[in-house]
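Here, each number is a calculation from the coordinates, and none is a lab measurement. Since the model is a prediction, treat every value here as computed from it, not as a measurement. Heads up, the Cβs are rebuilt from the backbone with ideal geometry, glycines too, and the neighbour counts pull from every protein chain shown.
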2 protein chains.
Amino acid sequence: MSMKHAVLGLLDLSPLTGYDLKKSFDETVNHFWSGDQAQIYRTLSALVNAGLAEVEVVPQEGRPARKIHHITDAGRAELDRWLTAPAEPAPERSEFLAKLFFSPRLPDDAVADLLSQRRAAATTAWETLRALEAAEGTGTTRAERLRLSTLSNGLAHARAELDWLETMEREFA
Amino acid sequence: MSMKHAVLGLLDLSPLTGYDLKKSFDETVNHFWSGDQAQIYRTLSALVNAGLAEVEVVPQEGRPARKIHHITDAGRAELDRWLTAPAEPAPERSEFLAKLFFSPRLPDDAVADLLSQRRAAATTAWETLRALEAAEGTGTTRAERLRLSTLSNGLAHARAELDWLETMEREFA
DNA sequence: TCGGACTATAGGACCACGCCTATATAGGAC
DNA sequence: GTCCTATATAGGCGTGGTCCTATAGTCCGA
């Protein structure tokens with residue numbers, strides 16, 4: 001699991017509460033990582049437990065205190081260890097390809113449906129990434145350009161999927 | 001979860017034991033689905049429990065009896081239901097993109113390492129799929145061609161990844 | 001002859017993760 | 001006036017999935 005590391009990475013950019021983190025996940029890194037709110041809070045307390053983060057409690061009126069989490073030196077060390085560690089092999093899993101593999105037992109028009117559904121999903125994904133890219137601009141610093149490249153990666157794959165779908169629809173539709 | 005459905009799909013192609021299924025997962029559908037041995041056996045007994053599969057016990061000498069699992073009519077119905085159901089949204093998760101996003105805190109050569117590691121992995125993936133495709137041939141029936149298209153999908157994405165990496169290495173290496 | 005791979009099953013423990021719920025207040029929409 | 005959203009936390013429950021272990025015989029190569 002690298003949920004822990006995703007949180008550490010975000011805490012390294014700036015100190016955050018669990019609530020802030022959930023927003024960061026949804027708004028900033030949603031195109032390649034996501035996290036349930038409950039799991040984010042659990043990960044945070046695990047990080048504090050392990051000495052990788054520290055809590056600063058800021059009381060508020062009328063609502064629970066903000067628990068601002070700061071990354072520690074140990075946390076930064078662990079983050080760097082992860083960043084430079086060789087990628088652990090992640091098994092591929094695609095529900096769509098599984099359906100496609102077993103689709104021969106379906107009538108032809110059902111296969112066509114499967115493909116057109118996939119096309120709709122891929123198109124939406126492409127447009128979402130496009131909009132994000134347009135909102136972010138080109139990026140001036142090296143850091144910004146590296147972060148933006150996660151978007152261009154997603155776009156490249158969405159493009160590849162759409163192209164592949166076109167040849168598929170020509171052959172099977 | 002569609003582990004259940006992946007197993008049903010394979011059982012629909014031919015009756016199998018848990019052991020056979022594990023081999024099918026590793027050899028046939030590994031490029032888009034994988035399964036732990038323990039989980040396969042648990043899934044099988046769940047399917048039998050739910051009436052979606054039936055067991056035929058074939059005793060053997062010197063080793064445990066083969067428990068050959070046959071898909072039932074109810075199983076085929078469930079398989080069809082899944083195949084035609086709209087795709088449930090699967091959140092994207094990429095450890096590599098996460099690392100890339102947080103890589104700005106690393107020295108430049110470490111970022112280059114990250115990219116070249118990824119290049120190696122993508123190249124291997126591409127070659128593996130290529131070899132599989134070469135071993136399978138072009139496919140004569142519609143069913144064969146549909147199954148083979150899961151390979152061409154993988155190849156398209158591997159190609160896209162390699163192309164993207166090339167522009168990345170030109171910009172950041 | 002000894003160790004390892006193959007055939008075949010299955011239980012136990014643990015973990016990551018997702019859904020649902022609870023609590024408490026403020027402010028805006030309808 | 002009521003309902004929804006935002007702010008902020010956290011526990012509980014269930015499940016899908018991985019790893020490790022146990023059993024037990026055969027067959028093959030070093």
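For Cα pairs less than 8 Å apart in space and 6+ apart in sequence, what is the mean separation divided by the residue count of region A:3-84, i.e. the relative contact order in percent?
Values: 95 pairs, mean separation 29.3, N = 82.
Normalised by residue count, the contact order of region A:3-84 is 36 percent.
Going by a ≥ b ≥ c, the root eigenvalues of the Cα gyration tensor, does region B:1-90 fall in the rounded group (a/c under 1.5), the prolate group (a/b larger than b/c) or the oblate group? Please report the intermediate quantities before stating the final value.
Working: a/c = 2.24, a/b = 1.45, b/c = 1.54.
Note, shape of region B:1-90 comes out oblate.
Please tell me the relative contact order of chain B in percent, rounded to the nearest whole number, where contacts are Cα pairs under 8 Å and at least six residues apart. Could you put the intermediate results ahead of the total?
Values: 139 pairs, mean separation 33.0, N = 173.
Relative contact order comes out at 19 percent.
Put a point 7 Å out from Cα along the line to Cβ at A:Glu166; what are the distances to that point in the other copies, in nm, shortest first?
1.8
At 222 nm, what value in deg cm²/dmol follows for the protein assembly as shown if DSSP H runs of at least 4 each add -39500 (n - 2.57) and the sum is divided by all its residues, to the nearest 500?
Working: 14 runs with 228 residues, N = 346.
Computed mean residue ellipticity for the protein assembly as shown: -22000 deg cm²/dmol.
With a cut-off of 8 Å between alpha carbons and a minimum separation of six or more residues, what is the relative contact order of region A:95-172 in percent? Please report the intermediate quantities before stating the final value.
Details: 36 pairs, mean separation 30.2, N = 78.
About 39 percent, as a whole number.
To the nearest whole number, what is the average tally of beta carbon atoms from other chains within 10 Å of the beta carbons of peptide B:142-152?
Working: counts 5, 3, 1, 4, 11, 5, 1, 10, 7, 1, 3.
Partner-chain Cβ atoms within 10 Å, mean over residues of B:142-152: 5.
How far, in nm to one decimal, is B:Tyr19 from itself in the other copies if the label point is set 7 angstrom along Cα toward Cβ? Shortest first, please.
Output for B:Tyr19: 5.8 nm, nearest copy listed first.
Would you list which lysines come within 30 Å of B:Lys4, measuring only between C-alpha atoms, while excluding same-chain residues fewer than 8 positions from it?
B:Lys4 reaches A:Lys4, A:Lys99, B:Lys22, B:Lys23, B:Lys67.
Nearest beta-carbon of A to the rotation axis carrying it onto B: which residue, how many whole Å?
A:Ala160, 2
Using a label position 7 Å from Cα in the Cα→Cβ direction, what is the ascending list of nm distances from A:Asp80 to the same site in the other copies?
Those label-point separations list as 6.1 nm.
For A:Ala50 and B:Ala50, what does the FRET efficiency come to when R0 = 45 Å and r is the distance between their Cβ atoms, rounded to the nearest 0.05? If you can, show how the numbers build up before the last one.
On the way: r = 41 Å, r/R0 = 0.91.
The pair A:Ala50/B:Ala50 has a calculated efficiency of 0.65.
Once whole DSSP H runs in chain B are found, which of them have Cα atoms spread over 27 Å or more along the helix axis and a mean Kyte-Doolittle score of at least 1.0? Intermediate results must be reported in sequence, preceding the final value.
Details: long enough: B:108-136 (42 Å, -0.21); B:142-172 (44 Å, -0.64).
What comes out of the filter, once short or polar helices are dropped, is none.
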